[in-house]
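The values are calculated or read from the model by the stated rules, or taken from the named source; none is laboratory data. Remember, predicted model here, so these are calculated numbers, not experimental data. Please note: Cβ atoms are built from the backbone with ideal geometry, for glycine as well, and neighbour counts cover all protein chains shown. We work out accessible area using only protein heavy atoms, side chains counted, and drop any ligands, DNA or RNA first. Shrake-Rupley method; radii C 1.70, N 1.55, O 1.52, S 1.80 Å.
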Amino acid sequence: RKSSKAKEKKQKRLEERAAMDAVCAKVEAANKLEDPLEAFPVFKKYDRNGLNVAIECKRVSGLEPATLEWAFDLTKANMQTLYEQSEWGWKEREKREELRDDRAWYLIAREPGAGPVAFSHFRFDVECGDEVLYCYEVQLESRVRRRGLGKFLLQILQLVANSTQMKKVMLTVFKHNHGAYQFFREALQ
């Protein structure tokens with residue numbers, strides 16, 4: 001006969017497995033969406049502070065190669081020095097692979113009749129046992145910064161996280177990138 005302690009342990013393991021299955025099911029359901037922004041047409045444009053951009057949400061597989069290359073080039077221009085100042089260092093091949101990963105989703109902000117001016121790379125994932133929307137990048141061309149677009153993209157990420165039943169939005173910021181650190185602390189309250 002099993003002891004009551006063994007039964008309790010088995011029950012606890014079953015409950016933990018069921019909880020993890022539920023977390024994974026939420027992530028899977030989010031990743032099956034065609035367009036997480038579909039239900040929120042008002043968030044598909046940003047027309048404020050002298051900016052007029054259309055915002056689309058696409059899987060990496062739905063992006064044109066030129067858009068992906070632009071996203072990499074912008075990330076490199078904005079982040080290479082910060083990576084080099086960190087213990088991580090800049091690893092071009094790894095960053096390219098991260099941006100092109102099959103699980104990657106993108107918010108792309110484009111000016112009408114022109115190219116993209118900002119993007120966010122994110123994924124629906126499991127982090128420390130929680131279902132999360134993990135923001136890998138928020139990058140803006142220098143000429144469109146400080147006009148509310150970055151904060152708007154983060155608000156969209158929060159909206160998408162809520163609508164897909166993710167527990168939270170997560171991201172990593174270099175401590176030595178004081179401007180970004182402050183920006184995210186204020187934008188994600």
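Each Cα pair under 8 Å and six or more residues apart adds its sequence gap; the mean of these over the residue count of the stretch 39-144 is a relative contact order of 26 percent.
The convex hull defined by the C-alpha atoms of the stretch 116-159 has an orientation-averaged projected area of 3.4 nm². Subtracting the Cα-Cα distance of residue 47 and residue 32 from 0.36 nm times their residue separation leaves 2.4 nm of extension gain. Two decimals is fine: what is log10 I(q)/I(0) at q = 0.28 Å⁻¹ for the stretch 135-189, from a Debye sum with one equal scatterer on every Cα and no solvent? Listed by q, the Debye log ratios stand at -1.30. The slack in the chain from residue 6 to residue 110, taken as 0.36 nm per residue of separation less the alpha-carbon distance, amounts to 31.6 nm. With contributions of -39500 (n - 2.57) from each DSSP H run of at least four residues, the per-residue ellipticity at 222 nm computed over the chain stands at -14500 deg cm²/dmol. Roughly how many percent of the accessible protein surface of the stretch 2-77 is carbon and sulfur, given a 1.4 Å probe and a whole-percent answer? Result for the stretch 2-77: 54 percent of the exposed heavy-atom area is carbon or sulfur. Ligands, DNA and RNA are left out, and with a 1.4 angstrom probe the accessible area of the stretch 1-59 is 78 Å² per residue. Under 16 Å from a label point set 7 Å out along the Cα-to-Cβ vector of residue 76, the amide N atoms of the stretch 87-123 belong to 90-100. Once Cα Rg over 2.2 N^0.38 Å is calculated for the structure shown, the corresponding label among (i) 1.19; (ii) 1.91; (iii) 1.10 turns out to be (i).
Working from Cα pairs under 8 Å separated by at least six residues, relative contact order for the stretch 97-178 is 24 percent. Between the alpha-carbon centres of the stretch 146-172 and the stretch 76-114 there is a gap of 18 Å. The modelled label-to-label distance between residue 84 and residue 103, using points 7 Å beyond Cα along the C-beta direction, is 3.1 nm.
Calculate, for residue 93 and residue 181, the FRET efficiency according to 1/(1 + (r/R0)^6) with r their C-beta to C-beta distance and R0 25 Å; round to the nearest 0.05. All intermediate terms of the calculation are to be shown ahead of the outcome.
Values: r = 27 Å, r/R0 = 1.08.
Taking R0 as 25 Å, the efficiency between residue 93 and residue 181 is 0.40.
Quick one: of 12/151; 5/168; 12/167; 44/91; 44/168, which pairs are farther than 30 Å apart, Cα to Cα?
12/151; 5/168; 44/91
Estimate the FRET efficiency between residue 163 and residue 13 by the formula 1/(1 + (r/R0)^6), using the beta-carbon distance for r and 45 Å for R0, to the nearest 0.05. Between residue 163 and residue 13 the formula returns 0.90. The order of the peptides 112-118, 16-22, 152-158 by mean Cβ neighbours within 10 Å, most packed first, is 152-158, 112-118, 16-22.
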